[in-house]
Every structure is written in C-alpha cells, then in structure tokens.
Amino acid sequence: MTMRPDFNLDGRVALVTGGSSGLGLAIGEALAASGARVVLAARRQDALDAGVERIRSMGGQAAALSADLADARGLEEVAHRATEAFGDPQIVVNAAGVNLRQPAEEVDLASWELTLQLHLGTPFFLSRALAPGMRAAGYGRIINLASLQSSRAFPDSAPYGAGKGGIAQLTRAMAEAWSRHGINANALAPGFFPTELTSPVFDDAARFEALARQTAIGRNGRLEDIAGPAVFLASPASAYVTGQILHVDGGFTAK
C-alpha cells in the first residue's frame, strides 16, 4: 500500500456542463491537464469550439457538445451524446447555471423555472442518466457547483439562492443513493470569481474591493484557484470523500 495520493485522471472521461466559459471551462482545463478526456457542454457552439481549442493547445483532449441544458426532456439525449467522443464519462461536473438578478417582486414563473431547472433538475437527471456507465466502470465522480448562496442570502437572487441551497442537499442525496456503487458526489462552493455570472460585481470597483476584504485571504478568487479542488474531487485521491460541500472562497464563509 502506498500513502502517496493519486490525482491522475489518465483514461478517465469527464463531462463538464457550462463548459464554454468561466468556472466550467477552468475546471475542464484542469481535468484535461490531469489526463482526462473532456467533453465541454453548453449552448454556444463558437464558445465551445474556442474552449476545445484552448485545451488542445495545451496538450489536452477535448470535444464540444452543444445543447440546451435547460431542456428537461432532452437530458437523456445529452447523456447519450456525451459518450460519442470518448466513451462513457466517469466524471460529471454540473457547472451550468444562470443568475438573472431580479428583485423578489419581479421574479416571474419563467425565470424561476429556468433557474431551478438548471441548478437542480439538470444536475439530477443528467447525473442519473450517466450513473449506469459510472457504475459499470466501478468509478464515478459527480461534482456539483454550490455557492456562497448555499448557506447565506444575497440581494436580488431568490431563485438562484433557492437553487444553490437545494444543490447542497441534492449533493448529499446523490451521495446517499450512489456512493455504495463507487459513485461519489460532492460540490464545490466558490466564492467570488471573475465569470459572466459575477460581472456585475467585478465591474463595480467598490463592491469588488469590499468583497475581497470580507475574505480571510484578502482577495477575490482567480480562475486557477478552482483547479486543485476540482481535480481532487474528480480523482482517486477523494475515494473516501462524498456528500461534502467544499467552499473555495478564500475564507469568506469563515469570517
């Protein structure tokens, strides 16, 4: 028995939703750099193609899967298409999301349903569709994207907060259902990172600095900060870790 942890993803296939930009693409790049063959899934074909080319330029293997992940009835087909490039994924990263930033009084049914589908329905039904392949391989890693809003409220984000609170509990439920079959489920809860979803925050210098001061480290996140935690949760090194929410927030929730 060796005590050296195994972070190698050689031979593994990973599906990353929301993989065309932001944290999804950063996680895809990190998994590819650790040896995984990565399928990036999102709506925008041009952005997906750019992400695939970026990974390939760094020596990784990647493919694009253009799909509307908010279409609940199309997720079985997405799961099927995810196998076409490299075979059955053993790793799924549920990073697709949206935050419409509406005051509570202005939230309409369509925005509520879209937000809750992307943050709860899609991760559950897509992961469930991929679980048989993981079980057959004897190896599965589900990585959901939680949030600071999994445990606290921010303004104008009621549907988003509901989804992120829910994904924390859904992660535990996934772990309870599937971990005995070798499929571990965990979530990353990022702090403030520069992505399309957080651009209203990062474009406001005063808010940007105020949020940085609220962290224990004293700065907001950089995309490279998500790489190590994501690879850990995707790798054999996390074999006895399941049902957990790992905050990658510079100590924001610790203060």
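Tell me, yes or no, whether region 151-160 has at least one residue that is in contact with a Lys or Arg (Cβ under 6 Å, 6 or more places away or on another chain) and under 23 Å from residue 42 (Cβ atoms). No.
Residues in region 185-222 that are open to solvent by 60 Å² or more (accessible area, probe 1.4 Å), among the aliphatic types (A, V, I, L, M) and over 27 Å from residue 234 (Cβ atoms): 205, 206.
For region 1-38, a residue qualifies if it is in a helix (DSSP H, G or I) and of a type in the set (D, E, K, R), and exactly one does: 29. For residue 164, the criteria (1) over 22 Å from residue 24 (Cβ atoms); (2) open to solvent by less than 50 Å² (accessible area, probe 1.4 Å); (3) in contact (Cβ under 8 Å) with a residue 24 or more places away in the chain hold in every case but one, which is (1).
Pairing each residue of region 9-31 that is at negative phi with any residue that is of a type in the set (Lys, Arg) and open to solvent by 10 Å² or more (accessible area, probe 1.4 Å), provided the two are 6+ apart or on different chains, yields C-beta distances under 6 Å for 13/37; 20/44.
Screening 54, 12, 43 for residues that are closer than 17 Å to residue 223 by Cα and surrounded by 14 or more Cβ atoms within 10 Å (Cβ to Cβ) leaves exactly one candidate, 54.
Residue count for region 143-161 under the criterion of being surrounded by fewer than 24 Cβ atoms within 10 Å (Cβ to Cβ), among the small types (Gly, Ala, Ser) and either touching a residue at least 40 places away in the same chain (Cβ under 8 Å) or on the phi > 0 side of the Ramachandran plot (or both): the result is 4. Is at least one residue of region 223-246 open to solvent by less than 40 Å² (accessible area, probe 1.4 Å), modelled with pLDDT of 95 or more, assigned to a loop (DSSP other than H, G, I, E, B) and under 19 Å from residue 157 (Cβ atoms)? Taking every residue of region 223-246 in turn, none turns out to be open to solvent by less than 40 Å² (accessible area, probe 1.4 Å), modelled with pLDDT of 95 or more, assigned to a loop (DSSP other than H, G, I, E, B) and under 19 Å from residue 157 (Cβ atoms).
The values are calculated or read from the model by the stated rules, or taken from the named source; none is laboratory data. All figures in this text were calculated on a predicted structure; none of them were measured in a lab. With ideal geometry, Cβ positions are generated from the backbone for all residues, glycine too; neighbour counts draw on all protein chains shown. The accessibility values were calculated without ligands, DNA or RNA, using every heavy atom of the protein model including side chains. Shrake-Rupley method; radii C 1.70, N 1.55, O 1.52, S 1.80 Å.
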